[in-house]
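Read-outs: derived from the displayed coordinates by stated rules, not from any lab. Everything numeric in this text was worked out from a predicted model, so none of it was measured. Neighbour counts run over all protein chains shown; Cβ positions are idealised from the backbone, glycine included.
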């Protein structure tokens with residue numbers, strides 16, 4: 001049996017750990033420093049919260065940490081026993097399970113647990129589960145829970161939808177100002193949005209380096225590297241980090257360094273990562289000389305519409321144009337475009353049992369895209385966090401068989 | 001003469017085939033996979049070599065497949081059972097087709113084009129419904145040996161439907177049928193029909209239907225039920241249980257062989 005191949009580490013990973021460490025350290029000191037904390041969904045109005053002086057904590061990021069550390073599978077049943085179904089979002093159930101048991105990977109970062117919120121702010125652009133998730137904590141901590149309700153399955157993004165979401169964002173200002181005990185400074189909001197926009201431009205450029213053949217980065221690298229784009233957008237630290245990472249990737253391209261040595265095939269990953277299996281999956285693809293070059297997931301934190309000159313409408317446009325809340329035809333067009341841009345040979349659909357909103361294989365899309373693009377697909381059954389829903393051997397065989405098929409064609 | 005070996009270590013049985021340069025089967029062996037896949041592969045090899053009076057040094061290459069494909073140290077190369085069942089079936093039926101392999105632990109739908117190239121495939125999801133494991137569970141519930149199932153099902157005169165997706169719940173349904181006084185042969189046929197129903201819903205057919213694997217080899221009634229369910233005759237190659245191992249041997253013959261055994 002062959003030895004498992006090693007993933008190529010990034011030089012900038014040390015800086016990544018430092019940037020993320022400082023972010024969590026600041027959250028850990030919030031109470032001591034008298035700083036207000038807002039919990040926010042990962043595609044919620046983080047810029048508005050930062051402009052009002054909140055430190056922003058993202059429970060979904062914590063959910064991913066619980067998955068990646070494989071703590072989730074032990075914690076999910078605790079939430080199930082409290083009435084949260086095993087069929088709903090396993091970020092939610094693992095996070096609430098973590099809260100019930102008082103166990104969290106944040107302890108390794110020097111925090112006793114998630115910082116106490118002063119307010120919780122969600123956006124249903126991703127799913128409705130975030131609302132129920134945040135309301136659980138709202139009841140427990142007895143703090144306000146505010147929300148933006150974004151339409152789902154949006155086709156073309158009409159001005160009426162933008163008007164509606166922008167108005168909802170504006171209506172957040174007054175209650176948030178009361179909690180923050182400060183007035184919103186429009187200049188500060190524009191500054192934060194500009195930093196967020198710069199973060200997006202750089203993060204997108206990072207992901208686009210994978211269009212090179214061979215690709216200098218994989219989807220599995222991206223799931224780690226996306227941390228600052230999720231939790232630190234609107235902060236200078238994220239902008240500085242992505243400039244460093246982009247420089248390293250450009251150097252890899254110049255030096256002909258491949259993320260997957262001997263890259264034979266290029267795949268697209270549609271759906272959630274399987275957080276607890278990132279390493280074995282990454283290693284299997286390296287062994288098969290196949291690079292997962294692009295994904296919907298990593299690109300979901302690209303917000304090109306952000307415009308400091310038009311804060312609320314541009315936030316509304318940015319957060320409403322994301323893949324997850326679009327119609328199937330829009331999603332298909334997006335994936336078709338990505339397939340062409342990244343020269344992909346096939347698509348992997350991850351059917352995540354507890355995340356229907358991020359599982360796009362259930363209504364015939366793989367077959368439609370196969371017919372449209374002439375590219376084969378593979379569906380993997382699993383979950384983002386609940387490894388009870390994942391069969392390692394079945395998945396390994398499926399992936400190996402898929403690459404065999406690509407080699408035959 | 002050079003010879004080529006294919007070894008298919010499945011969840012239940014290990015199957016081995018040796019072919020010659022004309023792609024003719026010269027020996028085969030089967031035994032329980034057990035808990036030591038490496039040993040099962042070795043025993044199969046020894047048995048097949050003894051039966052064919054060949055020496056291991058005459059084997060130019062070997063390809064392993066199945067769940068235990070990584071546990072055959074003398075294999076030149078590994079291939080998935082999906083590739084091997086496709087290749088083995090194409091050896092007997094060289095045209096565009098859909099191969100359905102029903103194994104002990106999983107079912108596979110494999111689409112091949114006119115040249116035998118794979119154009120798509122699907123495996124069952126994580127559940128044992130539609131596999132041999134389901135029939136093992138049902139046989140246990142009915143206090144029958146697996147070898148009795150086909151003969152009983154062939155005697156059935158009444159259609160009974162089992163509706164549950166879940167093996168365990170299907171077994172509960174069977175208890176209800178027993179309580180209702182249904183005949184054992186009708187219940188067994190219903191169980192085989194249930195396997196076919198799970199397979200039908202996995203994918204659509206492209207071209208003729210070919211069935212492979214140990215479950216259909218031991219239960220020819222299954223082919224009849226599949227023909228009815230798909231509305232097209234189900235073709236079953238000779239030695240259907242060995243099709244994966246044969247496919248592996250055919251892949252071995254395509255390798256630039258070097259003595260490895």
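Springs join every pair of Cα atoms under 10 Å in this Gaussian network model of chain A, and among A:347, A:274, A:88 the largest mean-square fluctuation is at A:88. Working from Cα positions, state the angle (0 to 90°, nearest 10) between the long axis of helix B:37-52 and the longest principal axis of chain B. Result, in degrees: 70.
Averaging sequence separations of C-alpha pairs under 8 Å and six or more residues apart, then dividing by the length of region B:96-236, give the relative contact order as a whole percent. Can you show the working numbers first?
Working: 239 pairs, mean separation 41.9, N = 141.
Normalised by residue count, the contact order of region B:96-236 is 30 percent.
So if I take the alpha carbon set of region A:154-241, get Rg, then get Rh from the Kirkwood formula, what is the Rg over Rh ratio?
On the way: Rg = 17.1 Å, Rh = 15.7 Å.
For region A:154-241, the value is 1.09.
Would you mind classifying region A:149-205 by shape? Square roots of the alpha carbon gyration tensor eigenvalues, ordered a ≥ b ≥ c; an a/c under 1.5 is rounded, otherwise it is prolate if a/b is larger than b/c and oblate if not. Cα axes put region A:149-205 in the oblate bin.
How do the peptides A:23-32, A:41-50, B:190-199 rank, highest first, by the average count of neighbouring beta carbon atoms within 10 Å per residue? Show your work: numbers first, answer last.
Working: A:23-32: 15.8, A:41-50: 25.9, B:190-199: 23.6.
Peptide ranking by packing, descending: A:41-50, B:190-199, A:23-32.
Normalised by the number of residues in region A:48-114, the average gap of Cα pairs under 8 Å and 6 or more apart makes the relative contact order 29 percent. I need the shape label for the protein assembly as shown. Rule: rounded when a/c is under 1.5, else prolate if a/b > b/c, else oblate, with a, b, c from the alpha carbon gyration tensor. It comes out prolate by the Cα gyration axes.
Taking the Cα atoms only, what angle lies between the long axis of helix A:328-341 and the longest principal axis of chain A, rounded to 10 degrees? Its long axis makes an angle of about 60 degrees. Remark: the Cα gyration tensor places region A:351-398 in the oblate category, a/c being 1.5 or greater and a/b not exceeding b/c.
Counting, for every residue in A:398-408, the Cβ atoms of other protein chains within 10 Å of its Cβ and taking the mean gives 6.
Largest first and in whole Å, what are the equivalent-ellipsoid semi-axes of region B:9-115 based on the Cα gyration tensor, each being the root of 5 times an eigenvalue? Walk me through the intermediate numbers first.
Numbers: eigenvalues 109, 65, 25 Å².
The equivalent ellipsoid of region B:9-115 has semi-axes of 23, 18, 11 Å.
The DSSP beta bridges internal to region B:83-224 are antiparallel in roughly 75% of cases.
Each stretch of four or more DSSP H residues adds -39500 (n - 2.57); spread over every residue of chain A, this sum gives -16000 deg cm²/dmol at 222 nm.
Can you give the Rg to Rh ratio for region A:13-408, taking only C-alpha atoms and Rh from Kirkwood? Present the calculation step by step, with values, prior to reporting the outcome.
On the way: Rg = 20.3 Å, Rh = 21.5 Å.
That ratio equals 0.95.
Sort B:74, A:301, A:269 by Cβ crowding within 10 Å, fewest neighbours at the top.
Numbers: B:74 16, A:301 21, A:269 26.
By the 10 Å Cβ count, ascending, the order reads B:74, A:301, A:269.
Using C-alpha pairs under 8 Å with a sequence gap of at least 6, the mean separation divided by the residue count of chain A gives a relative contact order of 19 percent. If you wrap the tightest convex hull around every Cα atom of chain B and split its volume per residue, you get 115 Å³.
For a footprinting-style exposure proxy, rank B:97, A:272, A:182, A:71 by other Cβ within 10 Å, fewest first.
Working: B:97 23, A:272 26, A:182 14, A:71 20.
So the ranking, lowest neighbour count to highest, is A:182, A:71, B:97, A:272.
Legend: Rg and Dmax of region B:96-236, from Cα coordinates, 14.8, 52 Å.
Where does each of B:202, B:1 land when they are ranked from fewest to most other beta-carbon atoms within 10 angstrom?
Numbers: B:202 15, B:1 9.
Ascending number of Cβ neighbours within 10 Å: B:1, B:202.
Peptide B:109-120 has a mean shielding of 3, counted as Cβ atoms of other protein chains within 10 Å of each residue's Cβ. Distance distribution note for region A:180-226: the fraction of Cα pairs above 16 angstrom is 55%.
Separation of region A:311-357 and region A:18-66 by C-alpha centroid, Å? If you average the Cα positions of each part, the centres end up 26 Å apart. For the residues of B:78-91, the average number of beta carbons from a partner chain within 10 Å of their own beta carbon is 3. Rounding to the nearest 10 and keeping the result within 0 to 90°, find how far the Cα-based axis of helix B:167-179 lies from the longest principal axis of chain B. So the inclination is approximately 40 degrees.
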